[in-house]
Amino acid sequence: MKDKINNISDEIKEKGVVAIDNFLENKDLETVLKIVKEPKKGSMESYYPVYLSQYISKLIKFDFKKVNNSLFFKKIAKKLNFKEISETVFGAKAELQMIDCYHNKQSNDQILSWHNDIGIKDSKNINSLKDFYSATKATFSKNQTGDARGIKFFIYLTDVKSDNGSLAVIPYSDKIVKSICSLITKKKIEPISFWSLKNLRNLVNQKIIQELLYEDIQKEIIDNFLKNTNFIENEIADTTQFDYQMNRGGAVIFDELSVHRGSAPKKTDRIVLRFVYKKINTLN
Ligand SMILES: [Fe+2]
C-alpha cells in the first residue's frame, strides 16, 4: 500500500498530475452513481458537508441524506488514501477541504479555459500583498507562503474524451506557477494577474521575470513550458495534446498550481466527483 501511495505521490510531485484507470472499484462506482443520479435542485455543483459546522447545518435542515452520502464519500477517500497521497506530495499535513459532485450539461462551450486555480484573475484591485492573499484565499488562508497549495482528486462518473469534457493538464506547469507565487510573496515582482494561461505566459516571457525564475527552477522546465503552451497564441487557442481521456471510475489527480482546462462536453453531460485536500501547516 505504501508503494502505491508513493508511486501516485511521486508522479504528482514530479509532473503535477497523474491519471489512474479503474481507480474506483465497481461496487463503489455503482453506489456513487446511484447517489449522484438523485434529482438535484438549482446548482450544477452539489456540495457535500466536510467540516463539523457543515454537518450541523445539514442536520438542522433534516438533510440526513447529504450527511450519509458525505460519510460514504469520506469512506471512499479513506480507502483510496487521499489524505496520505496529499501529505506525501506536500511533505506536510493535509486536510479535506471540499467534496462536490460537479455536473456539466452537454454543451459546445469549454467547461473552463486554460488556467491555474491560484492565479489572480483580475489584478485591478490587487495593490498589496494583503490583497494578493485575499484574492488567493482558498489556498493561502492558513499558510501565507508561496509554497501553499491543494491537491484535487477528480473521479469520473461519465466517460470523458477530448471532444467530450476531458481535463487537460500541462505537465510541470505547477513549478512555474509555484515560483511566480513565491516571487510575489517575496516581493520580487508585483502581484499581477496570472490566472489565465495567456497572462501567465506574458509574465514568464518577460526577461526580468525569466531571470528570477532561473534562480528557482531549471531552464529546461521554463523552455518546455513556453514551448508546450505556445498554442494559446493561435487563433483556436487550444490543444488536445495534454488531455486525459478517461473511462468512468478512472481518476485524474493534480496539483491546483498546474495549468489545466476542461474541454466542452459536446456529446454527453459530464459528472465528476471531486475531493480537494489543502496543505495545513506553516513553513517547514
Ligand atoms: Fe481549475
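The values are calculated or read from the model by the stated rules, or taken from the named source; none is laboratory data. The structure presented is a predicted model; accordingly, all values stated were derived computationally and were not measured. No Cβ is skipped: glycine too gets one built from the backbone with ideal geometry, and neighbour counts run over all protein chains shown.
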When region 245-259 is checked residue by residue, the ones that are within 21 Å of D117 (Cα to Cα) and surrounded by 22 or more Cβ atoms within 10 Å (Cβ to Cβ) are A251, V252, I253, F254, D255, L257, S258, V259
Matching residues, region 148-184, being in contact with a Leu (Cβ under 7 Å, 6 or more places away or on another chain) and farther than 19 Å from F242 by Cβ: R149, I155, L157, S179, I180, L183
Is it fair to say K278 is in contact with a strand residue (DSSP E or B) (Cβ under 8 Å, 6 or more places away or on another chain) and among the charged types (D, E, K, R)? yes
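Quick check, is Y47 of a type outside the set (G, A, S), assigned to a strand (DSSP E or B) and at pLDDT below 90?
yes
Restricting attention to region 212-219, does a residue exist that is assigned to a helix (DSSP H, G or I) and surrounded by 21 or more Cβ atoms within 10 Å (Cβ to Cβ)? Before the answer, list the steps.
First, the residues of region 212-219 that are assigned to a helix (DSSP H, G or I): 212-214, 219.
Still in the list and also surrounded by 21 or more Cβ atoms within 10 Å (Cβ to Cβ): 213.
For region 212-219, residues assigned to a helix (DSSP H, G or I) and surrounded by 21 or more Cβ atoms within 10 Å (Cβ to Cβ): present.
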R248 being within 15 Å of the ligand (Cβ to nearest atom) and at pLDDT 95 or above: no
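Tell me, yes or no, whether region 20-28 has at least one residue that is away from the ligand (no atom under 16 Å from the Cβ), exposed (fewer than 12 other Cβ atoms within 10 Å of the Cβ) and assigned to a helix (DSSP H, G or I).
We begin by selecting, within region 20-28, every residue away from the ligand (no atom under 16 Å from the Cβ); these are 20-28.
Next, from what is left, pick out any that are exposed (fewer than 12 other Cβ atoms within 10 Å of the Cβ): 21, 26-27.
In the following step, the residues that additionally are assigned to a helix (DSSP H, G or I) were identified as 26-27.
Yes, region 20-28 has at least one match.
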When (1) farther than 25 Å from E11 by Cα; (2) without any contact (Cβ under 8 Å) to a residue 40 or more places away in the chain are applied to E215, the one that fails is (1)
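Here are some residues: F225, F231. Which one is touching a helix residue (DSSP H, G or I) at 6+ places or on another chain (Cβ under 8 Å), without any contact (Cβ under 8 Å) to a residue 60 or more places away in the chain and part of a helix (DSSP H, G or I)? I'd like the intermediate steps shown before the answer.
Numbers: F231 fails: touching a helix residue (DSSP H, G or I) at 6+ places or on another chain (Cβ under 8 Å).
Being touching a helix residue (DSSP H, G or I) at 6+ places or on another chain (Cβ under 8 Å), without any contact (Cβ under 8 Å) to a residue 60 or more places away in the chain and part of a helix (DSSP H, G or I) holds for just one of F225, F231, which is F225.
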Restricting the first residue to region 101-127 and requiring it to be within 16 Å of I189 (Cα to Cα) and within 14 Å of the ligand (Cβ to nearest atom), which pairs with a second residue that is at pLDDT 90 or above and in a strand (DSSP E or B) meet a Cβ separation below 8 Å and a spacing of at least six or different chains? G119/S196
Scanning region 56-82 residue by residue, the ones that are within 23 Å of V272 (Cβ to Cβ) and in a helix (DSSP H, G or I) total 17
Those residues that are at pLDDT 70 or above, farther than 20 Å from D100 by Cβ and within 14 Å of the chain's Cα centre (by Cα), I need them from region 112-163; list them, please. S113, W114, G119
Region 260-281, residues that are assigned to a strand (DSSP E or B) and away from the ligand (no atom under 16 Å from the Cβ): I271, K279
